[in-house]
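Working notes, structure below.
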Protein chains: 2
Amino acid sequence: MSKDYTTLWKEIGLNLGKHDGLLSVLSDAYKNIYLSQKNRPEGMKYFDFVISEVHGLRIEELYEAKKEKRKVIGTFCVYVPEELVLAVDGVFVGLCAGAEVGFEEAEKYVPRNTCALIKAFMGFKLSGLCPYVELTDLIVGETTCDGKKKAYEIFDEITRKMYVMEIPNMKNDSDRKLWLEEVRKFKDKIEEISGKEITLNLLKKATEIVNQKRLALQRLSKLRAYDPSPISGLDALLVNQIAFYDDPVRFTMKVNELCDELEERVRKGNGIAPKGTPRILISGSPFAIPNWKLHAIVENSGAVVVGEESCVGSRNFRELTDENFNSLEEGLEKIAMRYMGIDCACFTPNKERIDNVKSLFKELKADGVIHCALQFCTPYMMEAFKIEKKIDFPYMRIETDYSMEDFGQLKTRVEAFIETLR
Amino acid sequence: MSKDYTTLWKEIGLNLGKHDGLLSVLSDAYKNIYLSQKNRPEGMKYFDFVISEVHGLRIEELYEAKKEKRKVIGTFCVYVPEELVLAVDGVFVGLCAGAEVGFEEAEKYVPRNTCALIKAFMGFKLSGLCPYVELTDLIVGETTCDGKKKAYEIFDEITRKMYVMEIPNMKNDSDRKLWLEEVRKFKDKIEEISGKEITLNLLKKATEIVNQKRLALQRLSKLRAYDPSPISGLDALLVNQIAFYDDPVRFTMKVNELCDELEERVRKGNGIAPKGTPRILISGSPFAIPNWKLHAIVENSGAVVVGEESCVGSRNFRELTDENFNSLEEGLEKIAMRYMGIDCACFTPNKERIDNVKSLFKELKADGVIHCALQFCTPYMMEAFKIEKKIDFPYMRIETDYSMEDFGQLKTRVEAFIETLR
């Protein structure tokens, strides 16, 4: 970290002793998993820096933003329209957490059989370890799964600042109406807490910012289609994780700089692994930061990860919002339409997702798919079975969580799978 | 069984060998759990008979109904409007299953970490053991939980006769509109498959039949409020289970006959257990037939179960449909309104349920509540934690499934809990 943030952390109300421990574990893990990689792009230095300052500089920025009366909005899901938050000059940060922290505390409020992502965001808060949660003015949940839907009720009793958007279960006309209504209500809520009015121009500008971010991530994704891939899956995953909490304009610039370098690498045939290395598409539940387990296993088993068909991945950037609107209401409709296009397993049916997995497999020239669902993540666990029956390429189904207990077992299975792809 | 149904079962396509085994296990369990009870009401003889003919006479009735071109509609949830099925003279049967049958088969299609109720209905079908599923013309699912919502997609690929109603996640205006639309679509679907038109008079008559059933079940529930209770929890549970698949008019008559007898018992102070026996309200996930495990444990541990705050229980009969409508459209609105009143844990928030648990506790003069969630039934598991923090009476939280492996452990915990109530 570039300086001592103790005073800031104290002011925010973190548990300083535990927090030092957390940062030290995180820093060690990062060194082992990330900094040990060979031939990394220069452009990853920015993202290394962001990670090193994940509870430092970025938190200071949020703190300063709040002083300037900008609102900090925390979210857990790619369904929350970032455009509306940016339109009031708000700060949009993802609160999903990818580490086994505070699970014992969390299990006093939710069942043990709850997915690790939920126990993690509750655990981080309950242990006083998440500066992001502490700095939020509003925490926006959604009804994408039973676990989150019901855990938010409990999380609201703890934080007193939850707002839940309803995601319908289907995509029929009445669902689209309901969802548009939810987008309108969210706009009202954001205007209310920020005290600012969203105008057509503000919405247009915000939409452009978010689309530029998505385009940069799309560009990165397309570069991974080359063989050899110019970037490791671990590094690309990190960029996709940081997309949820960095300043969007700066982030977009840095991703594009990285992509310039990767294009140069592609021209020179400079890959992260030799041409012909087995190429894996990972599909399924989100990989919240710092959940790097599966990517680390795959890339230490002689393969390269070329894509994430995941919320932290393609589900977050595949669709742009149509910028061609001439009234605020039309803008809200375009936003609602864009988000309704996301192929989350929370929908029934969700045929688009199988099509998207297939086309991503082809587009990224993958050799096999590893479907990874978090344990107790019923929607993705169930779809894993459905997909298996509908595809004709090498496919492996994994259920795991954030613990390292199954590391050895997973590594054995992944190695065996990769062996079949050679 | 009153006669040999082998020919019928063969025609339906059951796996005869396995089916004989199933019936024999079921019959033994029934003898041990039910027929061993002392001082049972005479009126239970009808329900004993129904159980003994669960795959016999009732199946023959369904088979005959189909010959008369009546349609058999299978369901899994108290949200499917029975009124509309009865309005076209259809047969309405619950397909939820309460036994560990065919789990190995089911786990080829859904994850191991799926609730027992889902694995059971899939397992019964996949093993060729459910005559009800085979006789249905339409199987109606709903989006009440992630597990069922996604399993229905898979079940449709197996049965090719699923129809899914969308239950929204909230109870706001737009949700009510969506749900009313779902009720209208279901009416259209039922008319389409039956080839009959639902008229105002047919709907009024059907509504009356369903309300009469609910009133009879309410009457039974109220009689359990007396101390001593005139009927065991096991017997009352059985009546509530049979409510889902017996002929509604006959069933209502038989429940009322039973209630006449119970009233007489109350007058005489003739209880199923001595006055002052600890009284338990069971709350949580549904108890599909033949899941009698928890009731058997409680009533063999010196307590009496006085109510089920469950879909197989109060959630199925608490609200009547308002019969005061003068057009078909108004009738559909009343039906939609009635079902939207159900306090399922699938809604967020679901404050009504806590209020209902509290008032049921009071009304039934219970001494303690055992909250029982099926393992991996996230909505009820989560609410179990919420309720615990909001009540001031003795409360125990249980997670279990259909296996007998935890029988001893549960019995020990339940006995200890009951001990505290004396």
Lysines whose Cα lies under 17 Å from that of B:K187, excluding same-chain neighbours fewer than 8 positions away
B:K71, B:K161, B:K177, B:K196, B:K204, B:K205, B:K334
In the Gaussian network model of chain B, springs joining C-alpha atoms below 10 Å, which of B:D343, B:D48, B:D175 carries the largest mean-square fluctuation?
B:D175
Mean per-residue count of partner chain Cβ within 10 Å for B:168-176 equals 6
Per residue of A:374-387, count partner chain C-beta atoms within 10 Å of its C-beta, then hand back the mean as an integer.
5
Rank these for me by crowding, B:D392, B:D173, B:D247, B:D235, going from fewest to most other beta carbons within 10 Å.
B:D392, B:D173, B:D247, B:D235
With only Lys, Arg, Asp and Glu charged, each at its Cβ (+1 for the first two, -1 for the last two), find how big the charge dipole of region A:263-326 is about the Cα centre; round to the nearest 20 debye.
400
Gaussian network model of chain B, springs between alpha carbon atoms under 10 Å - residue of B:E308, B:E264, B:E105 with greatest fluctuation:
B:E264
To the nearest 20 debye, region B:21-124 has a Cα-centred charge dipole, built from +1 on Lys and Arg Cβ and -1 on Asp and Glu Cβ, of 80
Label-point separation (nm) for A:E419 and A:E104, each offset 7 Å from Cα along Cα-to-Cβ?
4.0
Helix-only mean residue ellipticity at 222 nm for chain A, each DSSP H run of n ≥ 4 adding -39500 (n - 2.57), per residue, nearest 500
-16000 deg cm²/dmol
All aspartates and glutamates inside 18 Å of A:K386 as judged from Cα atoms, apart from same-chain residues fewer than 8 positions distant
A:E309, A:D343, A:E352, A:D355, A:E399, B:E104, B:E105, B:E107, B:D146, B:E153, B:D156, B:E157
Hey, which lysines would be in cross-link range of A:K268, C-alpha to C-alpha under 18 Å, not counting anything within fewer than 8 residues on its own chain?
A:K38, A:K222
So for region A:338-422, taking the charge dipole from beta-carbon charges (+1 Lys/Arg, -1 Asp/Glu), which of A:T420, A:A373, A:I342 sits furthest toward the positive end?
A:I342
Order these by the 10 Å Cβ neighbour count, fewest first: A:R353, A:R219.
A:R219, A:R353
Cα-Cα over 24 Å, subset of A:K149/B:K171; A:K119/A:K351; A:K275/A:K362; B:K31/B:K362; A:K351/B:K149; B:K10/B:K67:
A:K119/A:K351; B:K31/B:K362
Roughly how crowded by other chains is peptide A:179-185, in terms of the mean Cβ count from those chains within 10 Å of each of its Cβ atoms?
2
In debye to the nearest 20, the charge dipole size for chain A, taken about the Cα centre with +1 at each Lys and Arg Cβ and -1 at each Asp and Glu Cβ, equals 700
Label-point separation (nm) for B:D48 and B:L215, each offset 7 Å from Cα along Cα-to-Cβ?
3.0
Kindly identify region A:158-211 as rounded, prolate or oblate by the Cα gyration tensor criterion: order the square roots of the eigenvalues as a ≥ b ≥ c, call it rounded if a/c is under 1.5, otherwise compare a/b with b/c, prolate if a/b is larger, else oblate.
oblate
Three-way shape label, the protein assembly as shown, alpha-carbon gyration tensor, a/c 1.5
prolate
Take the alpha carbon gyration tensor of chain A, find the square roots of its eigenvalues, order them as a ≥ b ≥ c, and report rounded if a/c is under 1.5; if not, report prolate when a/b exceeds b/c, else oblate.
rounded
Ordered by fewest other Cβ atoms within 10 Å, a rough proxy for footprinting exposure, B:S221, B:S327, B:S285 read B:S327, B:S221, B:S285
Scanning chain B for helices, which whole DSSP H stretches are 20 Å or more long along the axis (Cα) and average -0.5 or more by Kyte-Doolittle?
B:16-30, B:200-223
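The numbers here are math on the coordinates, done by the rules we state, and not lab data. As the structure is a prediction and not an experimental result, all values here were calculated from the model. As a convention, Cβ positions derive from the backbone with ideal geometry for all residues, glycine included, and neighbour counts pool all protein chains shown.
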